[in-house]
Structure formats: C-alpha cells, structure tokens
Amino acid sequence: MKTTQKTVLVCGIIVIAAALWFRLTLTSLYTTIYLFDADKIVKNFRSFEDIWPTRVLHRPGQAMPSPVGQPVPLPENFDFGEGTLNTEKFLSDAWTTGLLVIQDDQNVYEEYFLGNERATRNISWSMAKSFISALIGIAVDEGLISSIEQSVDTYAPQLKGSGYEGVRIKDVLQMSSGVGFDEDYGAFNSDINRWGRGFAMGHSQDAFAASLNNERMPGTRRQYVSIDTHVLAMVLVRATGQSVSQYMGEKLYRPLGMEYDGYWIIDGHGMEMALGGLNLTMRDYAKLGSLYLHEGRIGDKQVVPKKWVTASIQPDAPHLQPGARLGYGYQWWIPDATSGEYMAKGVYGQFIYVNPKTRTVIVKLAANPYYNDPEYIPSNDYSNLALFRAIANTGAD
C-alpha cells in the first residue's frame, strides 16, 4: 500500500472514530438531560448499561439467597402525620418498581412493578454511598487506611489546593467536609447537575472534586455533598491499589453471596460513579441491610468490622443528630437517635431500611419523577419511613 493510501485510510479511521465518539457522547448527554422525565425515568433506571460505560461485579459461584418464609401481607393503610395513607395507592403514586421485606432472615414479601423483575438491575443512586462506607471500614480494619482522622489528601494528593485539603476522612464520611456545593437536582445549573453533564461528556470526576472550594470549617456543619463520597472512593482506590469494583468484589460481593451480576457506572477515565452509580437487583441490595443488621457478620465470617457498623449508625456530634431532618452517620441516615433504625437512601425513591428491634430489612426501589416536589407526599422521606415502620411492625406482630 502506498504512503498516500495509508494516510487516507488512517484519516478515514480517525474521522469514523471521532464521529462515533461524538455521536455516543451526544446520546449520553441527551439521555442525561432528560433522564428523569416521566415518560423515560422507569426504563432509564434499569438500563444504565445502555447509557454509560460500566464495570461488572461478578456474582460468586455459590449464591446465598434469603430463605423464603411465610408471606406477610402489607398493612392496608398506615398513619402519616395527622392522616392515614392507603399502602397500595402510596406505592403506586411513588412509582415503586420493587418492594422486598426480609424479616428474621427470611424473605416474607417480594413484589415488582412497572416492568421490573427479580433479575432487574436497578440504579442505586445514593444508596451506593453506604456500600462505599462499608468498604472504607474494611480498608481501615486491614490497615490500608491508617485512620479516618487522617486527611483525604494524604491518600489522594491531587486534592491538595482544593477545598478538600486538610479535611479528615471522618468529616467526609459524615457529609461535613465544609466544601461548598449545590445539590439541587431540580436546578439546571446546580453543582450536582453540572457534575452530571460533565460525567456524560466523559470528564474526570477526580478533576471535578479537585475544583471545589471550602466554604466553612470542616466538621462543624452537615451539608449533603455527593462529591464527598467520590472523594472517599479516591481514598479507597489509592489506599487499596484496586478499583472500587475490584475491592468490592473481593470484600463484599463474593462474601455476601450476591445472586446476580451487578455493575458500577464508570466515567471516561475508568473511575466508578461512587456517589450513586451502583446497579444491583433488589435482593442483592437487601444483603447489605442484612449484613448490617447482623453487625457486619454473615455466618461465621466478620465481613465488615462490628465497631465500624456501630460507629456508622451513631451520629456522634450535635450537627449530625436527627431533628427537623434525618440524622447522619458514616454515609447512613438515622431517623431517630433512640429508635435504632437506619437507612441508605437514594434520590427518586430508593431505600434500604434496617430495623434491629423487629429484625427487619426493607428495600424499596422507585422511579418517582415528582421527587423534587416538596408537596408531593410520596416524595417525603418521612412518609416512606412511616410506611417502613408499619410494615416492620406488622411482620413482627
């Protein structure tokens, strides 16, 4: 082949590759912008492997499903505020795609809606944060992270000069980093939506985190900053020398006997979307709740250190206590400091609820397009909490 022909061929390949990349990027960006529209949201929430690049979490050779127990019917109604809500209508109005109840380690209720099925892998959104917290706890126990009193830039030096420089890992775990951030999903130009559009374009999440600035003294005020969890993942990756997926596969996914392959969404630089990009089946989400219900133990194996589980669900500073809003631990939500309950929670209606007193784990998946409407009752964290309490108490009677 002559040099001219080779040049033309190479140029042609470059043009085609560029066109394909541009098309895929535009498709991803378009999907991101319209991700939560009512006519698209349900399908989108179970189809992220068709939208963004992913990394697979392979199920172990020996899955460990929860035994099926005597079915427990849902309460017909439940109390919320000064009124009563019908359970079936509430679940429908919340655009629920799945509801699973594990009690006394037995599967007593499991239903799917709006086209989801047992094998459907659904986006976690911020429930993923609780998985990242568990992995941090394991890494601390293994000595890969010396202490959560260390600053995050000790492990992720690219954060030096950013709002995260000098911030303790513990403060980041407790959403108290002091970094300024607008988490309003309903505002087009909010920080979280700027991050989302950049993610769709293949931009680096590490670079985005390093671009944020400090607004207040770390450890003094709780402000929900999803990028805090990405920073925890940066620490985890550099401390373990493995990707989030590799470490999770080894330390959580296989030990828990997950029933299905799962996956993490990854950015254009191969980093997991740690703040919310985990995709699992409903049964496999429940396994994290069951693990924590048993204080980090499964069978005779301590998967997550007991002391880490205890610390994770105990708000230990005034600004973390429940009050007008839910309390916060190490990437877990605490409804009431005396109730013993705790939750992993994701936007648009995702929950893993744990009630130690009734030995109950509840997973609720949803795709609620009205999540950002504060007047819409099914979008309210406390209405969902009231439902979970009613279910837990019904099954425990």
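The values are calculated or read from the model by the stated rules, or taken from the named source; none is laboratory data. Note that the structure is predicted; figures quoted are calculated from it, not measured. Neighbour counts run over all protein chains shown; Cβ positions are idealised from the backbone, glycine included.
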Study note, to complete from the structure: Of the residues in the stretch 105-152, those that are without any contact (Cβ under 8 Å) to a residue 24 or more places away in the chain and crowded, with 18+ Cβ neighbours inside 10 Å come to SER151
Practice item. Could you figure out which of (1) within 18 Å of ILE136 (Cβ to Cβ); (2) among the basic types (Lys, Arg); (3) surrounded by 21 or more Cβ atoms within 10 Å (Cβ to Cβ) isn't true of LYS364? Key: (1)
Exercise for review: Could you please find all residues in the stretch 33-91 being charged (D, E, K, R) and either in a helix (DSSP H, G or I) or within 22 Å of the chain's Cα centre (by Cα) (or both)?
Suggested key: ASP37, LYS40, LYS43, ARG46, GLU49, ASP50, ARG55, ARG59, GLU88, LYS89
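Okay, residues lined up against (1) assigned to a helix (DSSP H, G or I); (2) farther than 26 Å from LEU135 by Cβ; (3) at pLDDT 95 or above:
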{"position": "LYS307", "(1), (2), (3)": "yes, no, yes"}
{"position": "ALA311", "(1), (2), (3)": "yes, no, yes"}
{"position": "MET343", "(1), (2), (3)": "no, no, yes"}
{"position": "TYR353", "(1), (2), (3)": "no, no, yes"}
{"position": "VAL363", "(1), (2), (3)": "no, no, yes"}
{"position": "ASN368", "(1), (2), (3)": "no, yes, yes"}
{"position": "ALA390", "(1), (2), (3)": "yes, yes, yes"}
Check your understanding: Going by the structure shown, is VAL42 within 30 Å of GLY202 (Cβ to Cβ), in contact with a Leu (Cβ under 6 Å, 6 or more places away or on another chain), β-branched (Val, Ile, Thr) and modelled with pLDDT of 95 or more?
Key -> yes
Revision key, fill the gap. A careful count of residues in the stretch 313-326 that are over 18 Å from SER226 (Cβ atoms) and not in a helix (DSSP H, G or I) gives 9
Check your understanding: Condition test on MET258, is it under 19 Å from the mean Cα position of the chain (by Cα), in contact (Cβ under 8 Å) with a residue 24 or more places away in the chain, under 30 Å from PRO67 (Cβ atoms) and buried (at least 21 other Cβ atoms within 10 Å of the Cβ)?
Key -> yes
Review point. How many residues are in contact with a Ser or Thr (Cβ under 9 Å, 6 or more places away or on another chain) and in contact (Cβ under 8 Å) with a residue 12 or more places away in the chain if we restrict to the stretch 192-215?
Key: 14
Study note, to complete from the structure: Picked from the stretch 314-373 (must be within 14 Å of the chain's Cα centre (by Cα) and among the polar types (S, T, N, Q)), the residue farthest from LEU275 (Cα to Cα) is GLN350
Practice item. Give the residue that is surrounded by the most Cβ atoms within 10 Å (Cβ to Cβ), with candidates limited to residues of the stretch 209-245 that are farther than 28 Å from GLY327 by Cβ and out of contact with any helix residue (DSSP H, G or I) (no Cβ under 8 Å at 6 or more places or on another chain). Key: SER245
Exercise for review: Would you check which residues across the stretch 167-184 are surrounded by 15 or more Cβ atoms within 10 Å (Cβ to Cβ), more than 16 Å from ILE136 (Cα to Cα) and of a type outside the set (A, V, I, L, M, F, W, C) and list them?
Suggested key: SER176, SER177, GLY178, GLU183
Review point. Looking at the stretch 170-208, which of the residues that are touching a helix residue (DSSP H, G or I) at 6+ places or on another chain (Cβ under 7 Å), part of a helix (DSSP H, G or I) and among the aliphatic types (A, V, I, L, M) is nearest to HIS269 (Cα to Cα)?
Key: ALA200
Exercise for review: Hey, could you check the stretch 367-397 for residues that are closer than 22 Å to VAL42 by Cα and among the small types (Gly, Ala, Ser) and say which is surrounded by the most Cβ atoms within 10 Å (Cβ to Cβ)?
Suggested key: ALA367
Practice item. Inspect the stretch 269-285 for any residue being crowded, with 21+ Cβ neighbours inside 10 Å, in a helix (DSSP H, G or I) and touching a helix residue (DSSP H, G or I) at 6+ places or on another chain (Cβ under 7 Å) and give the result as yes or no. Key: yes
Study note, to complete from the structure: Going through the stretch 113-130 in order, the residues found to be of a type in the set (Phe, Trp, Tyr) and either within 19 Å of ASP39 (Cβ to Cβ) or touching a Ser or Thr at 6+ places or on another chain (Cβ under 7 Å) (or both) are PHE113
Exercise for review: Output the qualifying pairs, or none if there are none: Cβ atoms under 6 angstrom, residues six or more apart or on different chains, first residue in the stretch 317-331 and on the phi < 0 side of the Ramachandran plot, second residue modelled with pLDDT of 95 or more and of a type in the set (D, E, K, R).
Suggested key: HIS319/ARG221; HIS319/ARG222; LEU320/ARG222; TYR328/ARG222
